[in-house]
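Data block below; observations after.
Every number here is computed from the coordinates shown, using simple stated rules; none is lab data. Values in this document were obtained by computation on a predicted structure and should not be read as measured data. Neighbour counts are summed over all protein chains in view; Cβ atoms, including those assigned to glycine, are modelled from backbone coordinates with ideal geometry.
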Amino acid sequence: MAMRADYIWMNGKVIPWDEAKVHVFTHALHYGSSVFEGIRAYERDGNPAIFRGPEHFERLLFSCKVARIPSPLTVDEWMQVTAEVLRANQHRSAYIRPLVFRGYDSLGVDGRGCPVDAILATVPWGAYLGAEALEKGVDVQVSSWRRMAPDTLNALAKIGGQYVNSQNVVMEAKDNGFNEGIALDINGYVSEGSGENIFLIYKGEIYTPPLGNSILGGITRDCAITIARDLGYTVRETTIPREMLYLADEIFFTGTAAEITPVRSVDRLPVGKGGRGPITKSIQDVFFGIIRGELPDKWNWFTPVSLA
Ligand code: PMP
């Protein structure tokens, strides 16, 4: 079933879903000249609460700057529009997708003469890698595709065209019978999944690639680091050689869609005992505890919205 909702925000107005249309000569459709975010709202007492909304919209504005596509809205305005669309759709929980893109004018590769269009959608969406995966873990392969070299694209920005690389990684993985792929960076060091950051646990310490290894600075990555340090673990943001994936006692992915998902095998080698490990579980317990409202939101990650 196609993803949909009743209403969507487009270029300043909340309109019926089926009316949100673009021309086929839209610049972004041809050249990937778009920037976007993926955000979640979780239900809190019958209303939605936006998870780390300001941080996501700050990253959207950063992506706009890098892509030289001006954002039509400020962070605060994006937050207001999000609340408006959640209300219009009466969504208690949702995946939220803002997108800013070069529209229809001409097909010159430098699209700065094209209008800038923008949408914000809220749609229902469950666990990205499957509900069972949150407990049992996923099987992954190291991709034959590398993440982009630092002087080719902008890994730290969420720019539409860059997701051709992510598509290569995930399509190859699925064709080979895996749930997801892990891409190495241009120097052969561990980078990230097609839409997730990665963490390894080795001898009780936690490792994750630094921002320079062609990763997106994930907001869930920041949650995992914050929670892990709060639990007293050492977290090292450091360059990780491929074989660490095979030595690790535990591995997990983080992402807005994937949340915190354990990895149970890499290249058909079991990670640790081949399931979710205890440190991964302890970080998940805090993360999902906050998300479900069972633990206090001590880092102020939620912005509540009233559906009334
Ligand atoms: N890396 C890539 C390439 C992604 O697309 C995503 C999803 N936005 C992530 C990492 C995870 O980032 P976040 O936790 O902010 O969703």
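Summary of values
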item: Relative contact order (%) - criterion: Cα under 8 Å, at least six apart; region: the chain; result: 20 percent
item: Principal-axis tilt of helix 219-230 within the chain, Cα atoms, nearest 10 degrees; result: 40 degrees
item: Within straight-line cross-link reach of residue 273, aspartates and glutamates at Cα separation under 19 Å, skipping those fewer than 8 residues along the same chain; result: 132, 135, 139, 205, 243, 249, 250
item: Selected from 124, 156, 114, residue furthest toward positive end of dipole (region 47-185; charges at beta carbon); result: 114
item: Residue order, fewest to most beta carbons within 10 Å, for 21, 158; result: 21, 158
item: Rounded to 10°, Cα long-axis angle of helix 53-67 versus longest principal axis of the chain; result: 70 degrees
item: Fewest-first ranking of 152, 261, using other Cβ atoms within 10 Å as the exposure measure; result: 152, 261
item: Max mean-square fluctuation residue, GNM over the chain, Cα-Cα springs under 10 Å, options 166, 191, 282; result: 282
item: Residues of type lysines that residue 13 reaches as a straight line, Cα spacing below 28 Å, ignoring anything fewer than 8 places off in the same chain; result: 21, 65, 158
item: Whole-angstrom gap from region 106-155 to region 67-99, using each part's C-alpha centre; result: 18 Å
item: Longest exposed-site-free window of the chain, the sites being GluC sites (Glu not before Pro) in a DSSP loop that have at most 11 other C-beta atoms within 10 Å; result: 1-131
